[in-house]
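Engineer: One structure, as structure tokens, below. Some questions next.
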Amino acid sequence: MRIAMFSRLPKDPDHPKGGVESATMGLVRGLSARPDVDLHVVTLEKGLDQDVVEKTPYATVHRLAAPRRPMILDVFGGPGRQKIDQCIRALQPDVVHFQETYGFGGPYADIPTVFTVHGFDSLNLVTERKYAWRLRAPLWEMAEKRGIGSHQHLISIAPYVTEKLVELSNADVTEIPNAMNPEFFDLQPNPVPGRIFFAGWINRRKNVGAAIRATKILADQDLDVSLHAAGDFSDPEYLAEVRALIDELDVAARVKLMGRVGQDVLRRELEQANVFLLPSLQENAPMAIAEAMAAGVPIVTSNVCGMPTMIDEGQTGFLIEPNDVDTIANRLGVILRDAQTRETMGRHAREKSRSTYHPDSVVSATFELYERIRAAA
């Protein structure tokens, strides 16, 4: 089966940028291992002078030079979408799989097409509150309604996403979680006493400020605690606020802002973590949580959006109100102070992650969907 997949794809598989690239890489790795698959990945990238075709161990990658146009003006038949369509049609695939926002441009009438919806920018913008968000959020909401509603076949990565999709579309929705790098399941815990790990964009939506405040509370309780926060600094204004908060609370010796890291560093940090913390205000199904679970790390995360379906309260971790820093500190303290709780939660987390996010099961479900929509075409 020849598959044309549109998504973002890292040039270096060990340095994905964000959850979509990580999830795409996990699925690409799994599909490429099948002898009955001829996989082509199409990307649209800023900074390229010309289109490039790469032969990689996982797929043939067609990197298309992106036009100078805002994405929201390009997805519905703009020059970028036209380039994508031209490339995909030249490949003559049996199935097309959109993993990214350009899926809003709609399915192909003559090629079986499926669209994985990873999130909703209209909701992200409201919590991130970056430039012109009051204008951009309703524009993206309109784009989501139009683009998602045009598809017959959708993949939802989590029950929370499914709830949103059925409000926007009458499509056939199949729930298939994101695939992850299986190397995370092989990590051996070697926790540094008191170490808390956070991974995600450093912006308002990810809410690292709450993690810093909770760290201060634990330090004031004479707990030898440290917070390592890995992630791109995507909002300079918020980053300045975070650094000011670190100075205000006098926790510079306990908080390390690591910036964007590769998966080798991420895996090392997970091995050294006692607990993974993500107090986000808005998420769907964060890859960072799935990876931490696979590594056998207990989770403390928000009780909103898609996160409650990932965590079994009291079994694989704890759910918290994202801005209730006292409760966040309390739950972190339970895990940090009790080795038995930490080990039991970590074991349950790894078991759940293996059954849910391992690429073997994800790829099998995805390929079955490809066959089904191809047969129905």
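Bear in mind that the values in this text are calculations on the coordinates, not laboratory data. Here the structure is a predicted model, which means the values were calculated and not measured. Positions of Cβ are generated from backbone atoms using ideal geometry, with glycine treated the same way; all protein chains shown enter the neighbour counts.
Engineer: What whole number of Å gives the distance from the Cα centroid of the range 354-369 to the Cα centroid of the range 202-244?
Structural biologist: 34 Å
Engineer: Name the residue farthest towards the positive end of the dipole of the chain from the options Phe184, Ala4, Val28, assuming +1 on Cβ of Lys and Arg, -1 on Cβ of Asp and Glu, about the Cα centre.
Structural biologist: The residue sitting most towards the positive pole is Ala4.
Engineer: By the scheme Lys and Arg +1, Asp and Glu -1, what is the net charge of all other residues having a beta-carbon under 15 Å from that of Arg134? Before the final figure, lay out each step's value.
Structural biologist: Details: positive: Arg129, Lys130, Arg136, Arg204; negative: Asp121, Glu128, Glu141.
Neighbour charge sum, excluding Arg134 itself: +1.
Engineer: Further question on the same structure: Please find, in a Gaussian network model of the chain (springs between Cα atoms separated by less than 10 Å), the residue of Met142, Met293, Met345 whose mean-square fluctuation is greatest.
Structural biologist: Met142
Engineer: Another one. Which trypsin sites (Lys or Arg not before Pro) from the range 23-126 combine a DSSP loop assignment with at most 13 other Cβ atoms within 10 Å?
Structural biologist: Those that pass, being in a loop and sparsely packed, are Lys46, Arg68.
Engineer: Sticking with this structure for a sec: Among Leu277, Leu44, Leu139, which one shows the biggest mean-square fluctuation in a GNM of the chain, springs joining Cα atoms closer than 10 Å?
Structural biologist: Leu139
Engineer: Which helices count as membrane-span-like in the chain under these terms: full DSSP H, at least 27 Å along the axis by C-alpha, Kyte-Doolittle mean of 0.5 or more?
Structural biologist: Membrane-span-like by this criterion, though nothing is claimed about a membrane: none.
Engineer: Collect residues whose amide H, placed 1.01 Å from N in the peptide plane, falls under 5 Å from the amide H of Val42; neighbours closer than 5 in sequence don't count.
Structural biologist: Residues meeting the criterion, in which the H sits 1.01 Å from N, are Met5, Phe6, Ser7, His62.
Engineer: Of the listed pairs Lys145/Lys206; Lys83/Lys145; Lys83/Lys164; Lys17/Lys130, which have alpha-carbon separations greater than 21 Å here?
Structural biologist: The answer is Lys145/Lys206; Lys83/Lys145; Lys83/Lys164.
Engineer: Report the residue, chosen from Glu271, Glu128, Glu45, that carries the largest GNM mean-square fluctuation when the chain is represented by alpha-carbon nodes joined by springs under 10 Å.
Structural biologist: Answer for the Gaussian network model of the chain: Glu45.
Engineer: While we're on this one: To the nearest 20 Debye, how big is the dipole of the range 182-356 about its Cα centre, given +1 on the beta carbon of each Lys and Arg and -1 on that of each Asp and Glu?
Structural biologist: In debye, rounded to 20, the range 182-356 gives about 280.
Engineer: A further question follows. Quick one: Karplus J couplings for the range 93-101, per residue in order, coefficients 6.51, -1.76, 1.60, θ = phi - 60°, nearest Hz, x for Gly and Pro?
Structural biologist: Whole-Hz 3J(HN,Hα) from phi for the range 93-101: x, 7, 9, 10, 10, 8, 10, 9, 4.
Engineer: Please give the net charge around Gly77, taking every other residue with its beta carbon less than 15 angstrom from that of Gly77, where Lys and Arg add +1 and Asp and Glu add -1.
Structural biologist: That works out to +3.
Engineer: Cα centroids of the range 92-115 and the range 271-347: how far apart, whole angstrom?
Structural biologist: Cα centroid of the range 92-115 versus Cα centroid of the range 271-347: 35 Å apart.
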